[in-house]
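To keep things clear, I will list the structure first and then write my remarks on it.
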Amino acid sequence: IDNNSFTNNTANEQGGAIYAHSSNNIISNTFSGNTAGTMGGAIYASGTNIIQSNVFTANEAERGGAIYANVSNSITNNIFNSNVATASGGAIYLNVDSNTVVENVFTGNTAATGGAIWATASNVISSDTFTSNSATLGGAIYADTSNSITSNNFDNNIAEQGGAVYTNEANTVASNIF
């Protein structure tokens, strides 16, 4: 799935623009104004997918305003602007472990928990930039347990608890700039 524009699409439940069930390469697309009733405003990723060099703007869902990642996915070099989750993961909701989120830019995403990212367990979040994301818990990231959060830049993220990062249990948070 390469070089497409997905605008103002709606799914009553999952994947406002794309429901990716098996291994897909989702590269160099634009996702804008897509909505899903429950999960993945732009993409519901239910298989091992490569999601790379896309732009996600103003997508919305209950969980995962832009992406709901349900199986090990590689999410690299994307731009996430102004995506909204009414519950968790303004830009990305990482439901299952072994996802990698590397070298992305997150700006102005919002959710109740995890303004940019909500991560369950054993995910790698590295070399990303988080600016002006907001949530009640975890302005940029809400991390449940055993996630690795390293070498990221955090600037001007806002929350009632955990302006940049809210960690629930034993997560590794190292070599970041706050």
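Can you name the residue in the range 120-139 that is open to solvent by 30 Å² or more (accessible area, probe 1.4 Å) and out of contact with any Asp or Glu (no Cβ under 6 Å at 6 or more places or on another chain) and, of all such residues, is farthest from Asn81 (Cα to Cα)?
My answer is Val124.
Have a look at Gly37, Gly64 and point out the one that is surrounded by 21 or more Cβ atoms within 10 Å (Cβ to Cβ), touching a residue at least 24 places away in the same chain (Cβ under 8 Å) and not basic (Lys, Arg).
Going through Gly37, Gly64 in turn, the sole match is Gly64.
For residues that are open to solvent by 50 Å² or more (accessible area, probe 1.4 Å) and assigned to a loop (DSSP other than H, G, I, E, B), scanning just the range 97-115, find the one that is modelled with the lowest pLDDT.
Across the range 97-115, the extreme among qualifying residues is Asp97.
Hey, any hits in the range 73-94 for a residue that's among the aromatic types (Phe, Trp, Tyr), buried (at least 21 other Cβ atoms within 10 Å of the Cβ) and in contact with a Lys or Arg (Cβ under 7 Å, 6 or more places away or on another chain)?
yes
Return yes when Asp2 is over 11 Å from the mean Cα position of the chain (by Cα), closer than 17 Å to Tyr142 by Cβ, surrounded by fewer than 22 Cβ atoms within 10 Å (Cβ to Cβ) and acidic (Asp, Glu) and no when it is not.
no
Of all residues in the range 51-61, which are open to solvent by 10 Å² or more (accessible area, probe 1.4 Å) and assigned to a loop (DSSP other than H, G, I, E, B)?
Within the range 51-61, Ser53, Ala58 qualify.
Got a sec? Which of Thr48, Thr86 is assigned to a strand (DSSP E or B), among the polar types (S, T, N, Q), under 28 Å from Asn176 (Cβ atoms) and without any contact (Cβ under 8 Å) to a residue 40 or more places away in the chain?
Of the residues listed, the single one that is assigned to a strand (DSSP E or B), among the polar types (S, T, N, Q), under 28 Å from Asn176 (Cβ atoms) and without any contact (Cβ under 8 Å) to a residue 40 or more places away in the chain is Thr86.
Looking only at strands (runs of 3 or more DSSP E) that fall completely inside the range 120-178, which ones have 1 or more residues that are farther than 22 Å from Thr110 by Cβ?
124-126, 141-145, 148-150, 172-174
In this structure, is Ile26 open to solvent by less than 50 Å² (accessible area, probe 1.4 Å), closer than 24 Å to Gly139 by Cβ and either β-branched (Val, Ile, Thr) or in a strand (DSSP E or B) (or both)?
It is false that Ile26 is open to solvent by less than 50 Å² (accessible area, probe 1.4 Å), closer than 24 Å to Gly139 by Cβ and either β-branched (Val, Ile, Thr) or in a strand (DSSP E or B) (or both).
The values are calculated or read from the model by the stated rules, or taken from the named source; none is laboratory data. Predicted model only: the values in this text are computed from it and were never measured. Using ideal geometry, Cβ is built from the backbone for each residue, glycine included, and neighbour counts are taken over all protein chains shown. Remember, those area values only see protein heavy atoms, side chains included, never the ligands or the DNA or RNA. Shrake-Rupley method; radii C 1.70, N 1.55, O 1.52, S 1.80 Å.
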